[in-house]
Amino acid sequence: TNIESLWMPVASVDRLIGDKQPKLRVIVTNCCNAEQPGVSIKPLFAMSEGASYVNELSAAAYKKLFFDVSGKVMITSSKLGQLSWCGKEVGGMFTCDFIDVIDAVGQNKIEPNWEAVCKEAYNRTSGRVIPIREYPFRATQEPYYTVDLKSSKDNNDKKSDTRDTDNLFDALQTLVNKNLSVDERLGMIQD
């Protein structure tokens with residue numbers, strides 16, 4: 001939609017998922033990060049052409065990637081001021097690159113850790129040169145990400161207390177919420 005009041009910031013998605021206190025949350029978005037006239041609705045999931053399967057090698061790699069850590073991974077397709085480019089047949093270029101990287105983890109071509117996954121997705125997407133019709137006749141996009149994880153071995157049955165961080169996050173979200181008046185935002189200073 002191009003109705004900004006209907007947009008949901010990724011930070012809000014993160015908070016909603018975080019409120020459920022999952023062991024690991026991975027949030028991947030393929031969103032433009034530049035103002036433009038009209039924003040089309042993007043699919044939530046890229047559709048795979050083949051059936052899913054897990055063999056002995058990939059099962060161990062995926063277990064290490066998804067089950068042996070706790071924390072948060074967030075990655076999005078474009079830095080501030082950049083568009084997220086799509087191919088007509090394949091969908092979001094970043095999403096395709098990210099899925100290819102996850103597949104490579106299962107094939108033991110990329111180390112099964114989120115820092116390596118995000119770095120490789122960044123390298124693949126930022127390395128593309130996209131031909132466009134306007135000057136300079138080419139564009140690029142650079143994903144950005146944050147990885148904040150603990151090994152399950154280091155974190156056995158320990159639950160981190162994120163209330164202070166969540167309260168600060170909520171306060172900052174309110175402070176920058178342009179749907180609220182300046183007076184409303186200033187009124188929350190005491191909180």
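Values computed for the structure shown
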| item | result |
| --- | --- |
| Evaluation of residue 87 against (1) open to solvent by 30 Å² or more (accessible area, probe 1.4 Å); (2) free of Cβ contacts under 8 Å to residues at least 24 places away in the same chain; (3) touching a helix residue (DSSP H, G or I) at 6+ places or on another chain (Cβ under 9 Å); (4) not aliphatic (A, V, I, L, M) (one fails), failing number | (1) |
| Among the residues listed as 35, 56, 49, the single one being surrounded by fewer than 14 Cβ atoms within 10 Å (Cβ to Cβ) and either within 30 Å of residue 137 (Cβ to Cβ) or modelled with pLDDT of 90 or more (or both) | 35 |
| Count of residues meeting criterion [within 27 Å of residue 80 (Cα to Cα), open to solvent by 80 Å² or more (accessible area, probe 1.4 Å) and at pLDDT 80 or above] in region 134-181 | 6 |
| Filter result for residue 116 (at pLDDT 95 or above and not polar (S, T, N, Q)) | yes |
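The values are calculated or read from the model by the stated rules, or taken from the named source; none is laboratory data. None of the values given here were measured: they were computed from a predicted structure. Here Cβ is always computed from backbone atoms with ideal geometry, including for glycine, and neighbour counts include all displayed protein chains. Ligands, DNA and RNA are stripped out before the accessible areas are found, and what is left, the full protein with its side chains, is counted by its heavy atoms. Shrake-Rupley method; radii C 1.70, N 1.55, O 1.52, S 1.80 Å.
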